[in-house]
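Derivation of every value follows stated rules applied to the coordinates shown; laboratory data play no part. Source: prediction; values computed, not measured. Ideal geometry is used to build each Cβ from the backbone, glycine not excepted, and the neighbour counts take in all protein chains shown.
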Amino acid sequence: MSTEKNNNLFREDEIVIMSHVDKKTGEVNTRPYPKVGGRLRLAHEENGSLSISTEIIRYEENVAVVRALATTKKGYFNGLGMASLERDQQIAPAILELAETRAIARSLRFAGYGVEYCSAEEVSHLENGGLIERTGGSESHVQEHKDRGSEKPAKEGENDGQNSQDARLTSKQLNYLKRLARDRRMTDKELRKMTMETYKKQPEYLTKKEASELIDQLLTQEAV
């Protein structure tokens, strides 16, 4: 497929070319997929006050779902993004970030920025034929998400110093934190209010250290 029309919107470094092998004919077909960064650039260039907000709909050990709301001069546009360990094994440590990226990409797509093209991040889990990135006429295999996913998540106490404690809380910590809150008759809204007042962030974005501190705090309170 020609990328001439696509290039009218997106720069060369904002395009990922994915090749698909036709199982019947054996022919290799290619299709352009713009990166979310390209959509963001277009949206910022067209809107003086672009606003994008995200909301975590579901975040568990195996799956993350995020909703994004893009507000442009055209109106409001929602987009959902999902990532899971089953679907996105190579970037398992970053499924929440990937779900958010996919949600933003979809909301901007619905807003009209490359509406005819699915985003590269939405198909990054596919490996049939591989992903090829074209930048300035050259080609190289895309490693953006794969490089991030190849880093194994640090185990508790595995790394010394500040870095380990500053890493995002584990799914076990988050689930335990929510269970402690429920045992103390706290609603999800009340738990979120507590973390926002104390740490200026939602429970899902706490660091390991912050989660441990909050867990210790809840443990001092008797369960109801």
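Checking the Cα-Cα distances for LYS73/LYS200; LYS172/LYS209; LYS178/LYS201 against a 22 Å cut-off, the pairs over it are LYS73/LYS200. Under 15 Å from a label point set 7 Å out along the Cα-to-Cβ vector of ASN78, the amide N atoms of segment 30-59 belong to 53-58. The LEU219 and LEU69 beta-carbon pair, evaluated with R₀ = 45 Å, returns a calculated FRET efficiency of approximately 0.80. Stretching LEU50 away from ASP188 to a fully extended chain increases their span by 46.7 nm, per 0.36 nm per residue minus the current alpha-carbon distance.
For segment 162-219, the equivalent ellipsoid derived from the Cα gyration tensor has semi-axes of 18, 12, 9 Å, listed largest first. When each of the peptides 62-68, 197-203 is scored by how many other beta carbons lie within 10 Å of its residues on average, the order from highest to lowest is 62-68, 197-203. Here r is the Cβ-Cβ distance between GLU60 and VAL115 and R0 is 30 Å; the resulting FRET efficiency, rounded to 0.05, is 0.45.
When peptides 96-106, 40-50, 208-218 are ranked by their average number of other Cβ atoms within 10 Å per residue, the highest-first order is 96-106, 208-218, 40-50. Assign one of three labels to segment 29-77, namely rounded, prolate or oblate, based on the Cα gyration tensor with a ≥ b ≥ c the square roots of its eigenvalues; rounded applies when a/c is under 1.5, prolate when it is not and a/b is larger than b/c, and oblate otherwise. Oblate.
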